[in-house]
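Here is the structure we will look at.
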Amino acid sequence: MTDHSVHALETSLESGPSEHLYQSELTRRALRLAPEDGFFRSAIAPLTLIRVSETTAPMPCVTEPSLFVAIQGRKRMELASQPFIYDPLHYLVVSLALPVTGQIIEASPQAPYLCARLDIDLAMLGELLLEYDPGEPIDDSDERGGLFVARMSDSMTDAVLRLVRLLDTPHDIPALAPLILREIHYRVLCGELGHRLRDLAGINGQGRSIIEVIQLLKLHYAEPLRIEDLAAAVHMSPSTLHHRFKDLTSMSPLQFQKQLRLHEARRLMLSEGLNASTASHRVGYNSPSQFSREYRRLFGAPPNQEIAQQREATMGNLLASPV
C-alpha cells in the first residue's frame with residue numbers, strides 16, 4: 001500500500017502568510033461557534049462544527065459522504081486498516097457511505113480538536129462536471145478508494161472561512177451559502193485527488209452503480225446477500241461488481257453488509273435498550289455466538305460489556321457537566 005495520506009502529512013510544506021491568517025481566523029470563529037465539546041449543526045444545513053478537547057480511542061462508525069476540514073488538531077481515519085491522517089494542512093473526503101474507524105490523535109483543553117464537516121452533494125458535483133472540464137483523468141491505479149486526504153489550498157481555506165463567516169450574518173445565508181458551497185465542491189473536484197470523485201459524480205459509470213449497491217445494502221442489510229442479485233440490479237457482472245466495490249470501499253459487499261449489521265445492532269442496544277440476542281436477530285444474525293465474535297472483533301469487547309462501558313462513559317459525562 002502506498003499510504004498517500006500519511007506520506008502527505010510527513011512531507012507537509014510550511015503554510016504561507018495568507019494561509020496562516022485564514023487559519024487563525026477560522027480557529028477563533030470555530031471556538032466561539034462551538035463553545036464546548038460536541039457536534040454543532042449550523043444554520044447552513046450541510047455544515048456541522050465539531051469540538052473535542054481530548055484524544056480518543058479508535059471508534060468504528062458509518063460515515064456518509066462528507067468533507068472534513070480540520071481547523072485545529074489532528075484525526076486519524078481507518079478504512080479496512082488503511083490509515084488516513086488529516087490536520088489543518090489537509091482535508092479528508094469520504095466520497096460514499098463507508099464503515100470507518102475514527103480516532104482523534106491531537107487535542108487538549110487548551111487546543112481542542114476543531115473540525116468543519118460538510119455533507120457532500122453528489123448532484124452538485126455532477127452539475128459542475130457537466131459545466132466545467134476539471135482536466136484530464138489521472139491514472140491512480142495504485143491509489144484508489146472512496147476515502148482520501150488531499151492538501152488544503154489558500155483558495156479552499158478562504159472558501160471555508162467565508163462560509164463560516166456567514167453564520168454571523170444569517171440574512172445573507174440563503175443568497176450566499178449556495179454559491180460558497182458550490183465553490184467548495186468545485187475546489188475539491190479540481191484538487192489534487194478530485195479525479196477520484198469524477199466517476200462517482202457522473203450521471204453514468206460504475207462509480208454511480210456502486211453508490212446504488214451501497215444504498216441497497218443499507219436498505220436490506222438484514223436480508224441474505226447474493227452478489228448475483230446485487231449485480232443484476234445495477235446491470236453489472238458479479239465479478240466486475242465485486243472488483244469495483246472493493247476498489248472503492250476496500251472490502252467486499254459481504255464484509256460491508258456485516259459492518260452495517262454490527263453498527264445497527266449497536267445502535268439498537270444503545271438507543272432502544274435491546275439485549276444482544278434480540279439485537280443480533282433483528283439485524284439478521286442466526287447465531288448469537290457468531291454475532292458476539294464479530295462484534296468483539298469490530299468494537300473491541302463483547303456486546304454486553306462494550307454497551308455497558310458506553311453507558312457508563314455517557315453517565316460520567318453527564319455527571320461531570322455543569323447544570
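Scan region 249-258 residue by residue and report those that are under 13 Å from Arg297 (Cβ atoms) and either among the small types (Gly, Ala, Ser) or touching a helix residue (DSSP H, G or I) at 6+ places or on another chain (Cβ under 7 Å) (or both).
Lys258
Just checking, does region 84-97 include any residue being in contact (Cβ under 8 Å) with a residue 24 or more places away in the chain, within 14 Å of the chain's Cα centre (by Cα) and open to solvent by 10 Å² or more (accessible area, probe 1.4 Å)?
Within region 84-97 (the criterion being in contact (Cβ under 8 Å) with a residue 24 or more places away in the chain, within 14 Å of the chain's Cα centre (by Cα) and open to solvent by 10 Å² or more (accessible area, probe 1.4 Å)), the answer is yes, since at least one residue qualifies.
Could you give me the residue pairs with C-beta distances under 8 Å whose first residue belongs to region 210-231 and is hydroxyl-bearing (Ser, Thr, Tyr), whose second residue is surrounded by 14 or more Cβ atoms within 10 Å (Cβ to Cβ) wherever it lies, and which are 6+ apart or on separate chains?
Within 8 Å, the pairs are Tyr221/Gln257; Tyr221/Leu260; Tyr221/Arg261; Tyr221/Glu264; Tyr221/Val283; Tyr221/Gly284.
In region 40-64, what residues are in a strand (DSSP E or B) and modelled with pLDDT of 95 or more?
Phe40, Arg41, Leu47, Thr48, Leu49, Ile50, Arg51, Val52 - these are the residues of region 40-64 that are in a strand (DSSP E or B) and modelled with pLDDT of 95 or more.
Looking for something modelled with pLDDT of 95 or more and among the charged types (D, E, K, R) - is there at least one such residue anywhere in region 236-251?
Among the residues of region 236-251, not one is modelled with pLDDT of 95 or more and among the charged types (D, E, K, R), which makes the answer no.
Among the numbered conditions (1) of a type outside the set (Gly, Ala, Ser); (2) buried (at least 21 other Cβ atoms within 10 Å of the Cβ); (3) free of Cβ contacts under 8 Å to residues at least 60 places away in the same chain, tell me where Thr101 comes up short.
Here Thr101 clears every test but (2).
Could you look through region 275-285, keep only residues that are open to solvent by less than 30 Å² (accessible area, probe 1.4 Å) and not β-branched (Val, Ile, Thr), and pick out the one that is nearest to Ile227 (Cα to Cα)?
Gly284
Please note which helices (runs of 4 or more DSSP H) are completely contained in region 161-275 and include at least 1 residues that are among the polar types (S, T, N, Q).
It comes to 206-219, 238-249, 253-272.
All but one of (1) modelled with pLDDT of 95 or more; (2) in contact with a Ser or Thr (Cβ under 7 Å, 6 or more places away or on another chain); (3) surrounded by fewer than 16 Cβ atoms within 10 Å (Cβ to Cβ) hold for Asp172; state the number of the condition that does not hold.
(2)
Are there any pairs, at least 6 apart or on different chains, whose C-beta atoms fall under 8 Å, with the first in region 295-307 and polar (S, T, N, Q) and the second part of a loop (DSSP other than H, G, I, E, B) and surrounded by fewer than 16 Cβ atoms within 10 Å (Cβ to Cβ), and if so, which?
That search, which allows pairs on different chains as well, returns Asn304/Asn275.
Could you please give the count of residues in region 204-219 that are under 22 Å from Leu262 (Cβ atoms) and open to solvent by 80 Å² or more (accessible area, probe 1.4 Å)?
Qualifying residue count for the region: 2.
Has region 9-23 got at least one residue that is more than 15 Å from the chain's Cα centre (by Cα), more than 15 Å from Pro112 (Cβ to Cβ), open to solvent by less than 30 Å² (accessible area, probe 1.4 Å) and at pLDDT 95 or above?
No: zero hits.
Taking the criterion of being assigned to a loop (DSSP other than H, G, I, E, B) and open to solvent by 50 Å² or more (accessible area, probe 1.4 Å), would at least one residue in region 286-300 satisfy it?
yes
Consider Ala231 against the criteria (1) within 30 Å of Ser155 (Cα to Cα); (2) crowded, with 20+ Cβ neighbours inside 10 Å; (3) among the aliphatic types (A, V, I, L, M); (4) more than 20 Å from the chain's Cα centre (by Cα): it satisfies all of them except one. Which criterion is unmet?
(1)
Restricting to region 40-59, name every residue that is more than 18 Å from Asp87 (Cα to Cα) and open to solvent by 10 Å² or more (accessible area, probe 1.4 Å).
Correct list: Phe40, Arg41, Ser42, Ala43, Ala45, Pro46, Met59.
For region 56-80: of the residues being in contact with a helix residue (DSSP H, G or I) (Cβ under 8 Å, 6 or more places away or on another chain) and among the aliphatic types (A, V, I, L, M), which is farthest from Pro46 (Cα to Cα)?
Ala80
The values are calculated or read from the model by the stated rules, or taken from the named source; none is laboratory data. In this text, all values refer to a predicted model and were calculated from it rather than measured experimentally. All Cβ positions, glycine included, derive from the backbone under ideal geometry; neighbour counts span all protein chains shown. These accessible areas exclude ligands, DNA and RNA; they are computed on the full protein's heavy atoms, side chains included. Shrake-Rupley method; radii C 1.70, N 1.55, O 1.52, S 1.80 Å.
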